[in-house]
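Structure first, commentary second.
The values are calculated or read from the model by the stated rules, or taken from the named source; none is laboratory data. These numbers come from a predicted model, not from an experiment. Because the Cβ atoms are built from the backbone with ideal geometry, glycine has one as well, and the counts that use them run over all protein chains shown. Just so you know, the surface numbers come from the protein's heavy atoms only, side chains and all, with ligands and any DNA or RNA stripped out. Shrake-Rupley method; radii C 1.70, N 1.55, O 1.52, S 1.80 Å.
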Amino acid sequence: MTWRTTVLTLFPEMFPGPLGVSLAGKALASGLWELEARDIRASATDKHRSVDDTPAGGGPGMVLRADVLAAAIDAADAGPDRPRLLMSPRGRPLTQSLVAELAEGPGPLIVCGRFEGVDQRVIEARNLQEVSIGDYVLSGGEIAAMALIDACVRLLPGVMGKQASGEDESFSEGLLEYPQYTRPPEFEGRPIPEILISGDHAKVAGWRRAEAEALTRTRRPDLWAARGGQKGTKSKTEG
Ligand code: ADE
């Protein structure tokens, strides 16, 4: 079954946007995944087609109405097996392991929030799982949804082609990626590290591992601690 994602948004014209070019775009065009962007406003019932209202209890901004959003979710008829996500800065952080889990499934229904928020009752009644892409606030969930979809799509079978299977890159082992180099051999007086042109594959692998560990330990002590610190190869800074 083809991986398929349904996005509920007030701005369907934002899609596919960046997902329509490059790796994801080629995969979309060749049918390796499917995207449906649905307009939440199509489920509005009053004559003004209103989708939002002022917050109960007062305060600034507008809140997405539960009845309109519930109708939009029901009309999307995404099927019972699909995860239902709501992009929101207060959600569970998006990680590579959540991405991998979503990429292995049938593909999520994704609700993009706007305004000050979404009526809590629809989050509960339609079992929406809130997901955040980071501790900052975007003006809506669309860009967050695109980030999530892009991260999933590149893991789908056939999408990456000859490129790394994903095993070697940042986060798959809880490590940041080692530095990369290509031609020319010298750039503004900086040579490529000699070991990388030695032809000794074992040494290259050891060097990359050590660099990845050193980078992770210094830049992301949280990731380093989460994987229990050093495993196997010593990093160069440990001598
Ligand atoms: N909507 C607004 N900010 C967001 C964030 N950081 N993550 C997910 N959705 C959002």
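Taking the Cα centre of the chain as origin, sum charge times position over the Cβ atoms of Lys and Arg (+1) and Asp and Glu (-1), and report the length of that vector in debye to the nearest 20. It would help to have the intermediate numbers written out before the result.
Details: 28 positive and 33 negative charges, 78 e Å.
That gives a dipole near 380 debye.
Comparing 89, 80, 18 in a Gaussian network model of the chain, where Cα atoms under 10 Å apart are tied by springs, the biggest mean-square fluctuation is seen for 80.
Per the 1.4 Å probe, what fraction of the accessible area of the range 3-153, in percent, lies on carbon and sulfur atoms? Carbon plus sulfur share of accessible area: 52 percent. From helices alone, the chain scores -9000 deg cm²/dmol at 222 nm; the rule is -39500 (n - 2.57) for each run of n ≥ 4 DSSP H residues, then divide by the residue total. Placing unit charges on the Cβ atoms of the charged side chains and taking the dipole of the chain about its Cα centre, the candidate lying farthest along the positive direction among 56, 29, 70 is 29. Note that the chain presents 58 Å² accessible area per residue, ligands and nucleic acids not counted, probe 1.4 Å.
Measuring gaps between exposed loop sites in the chain (chymotrypsin sites (Phe, Trp or Tyr not before Pro); DSSP loop; at most 14 other Cβ atoms within 10 Å), the longest gap, sites not included, is 1-135. Of all DSSP-defined beta bridges confined to the chain, some 15% are antiparallel rather than parallel. Please list, by residue number, every one of the trypsin sites (Lys or Arg not before Pro) in the range 43-142 that is coil in DSSP and has at most 15 other beta-carbon atoms within 10 Å. Sites meeting the loop and neighbour criteria: 47, 49.
Any number yet on Rg/Rh for the chain, C-alpha, Kirkwood? Could the numbers behind the result be given before it?
Details: Rg = 22.1 Å, Rh = 20.5 Å.
With Rg and the Kirkwood Rh in hand, the quotient comes to 1.08.
Overall shape of the range 57-167 was characterised from the C-alpha gyration tensor. The equivalent ellipsoid obtained from it has semi-axes of 28, 17, 10 Å, in decreasing order.
When the range 116-222 is described by a simple charge dipole with +1 on each Lys and Arg Cβ and -1 on each Asp and Glu Cβ, the residue from 153, 127, 187 located farthest towards its positive end is 187.
Each Lys or Arg adds one and each Asp or Glu subtracts one; over the other residues with Cβ under 13 Å from the Cβ of residue 89, this totals 0.
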